[in-house]
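Read the structure below first, then the notes.
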Amino acid sequence: MRIQKHPKYPRSSDGKEWRQTLKVGDRARKVGGSYQATGTILAIFITRDEEQRFVFDFDEPPGLLHIFGPAQIEPIEETSK
């Protein structure tokens with residue numbers, strides 16, 4: 001199997017350029033579906049089909065990890081104290 005290096009800003013399957021909306025360490029919220037949750041982004045990667053994915057570390061239950069697509073999570077705006 002040959003591994004290809006992805007360009008800095010690869011394109012998704014719909015042809016749109018990805019923008020760096022979330023970074024590792026950012027706080028995020030899982031949206032849509034049957035439940036909502038908050039957590040932290042632990043990793044960002046590109047699938048073989050050149051789709052962007054995020055590894056999400058849930059606040060509750062602690063330590064639960066899940067992989068989400070960009071439409072399933074959004075950044076949490078942290079307020080300064």
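Where a number appears in this text, it was derived from the coordinates with a stated rule and is not lab data. Fair warning: this is a prediction, and the values are worked out from it, not measured in the lab. Quick reminder, even Gly has a Cβ in these numbers, built from the backbone with ideal geometry, and neighbours come from all protein chains shown.
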Task: Cβ-based net charge around E60, under 15 Å, with every Lys or Arg adding one and every Asp or Glu removing one - done: +1
- [ ] Might you report the magnitude of the Cβ-based charge dipole of region 19-73 about its Cα centre, with Lys and Arg at +1 and Asp and Glu at -1, to the nearest 20 debye?
- [x] 140
- [ ] Net charge near G39: determine it from the other residues with C-beta under 13 Å of the C-beta of G39, scoring Lys and Arg +1 and Asp and Glu -1.
- [x] -2
- [ ] Please compute the net charge surrounding K30, taking Lys and Arg as +1 and Asp and Glu as -1 over other residues with Cβ under 14 Å from its Cβ.
- [x] -2
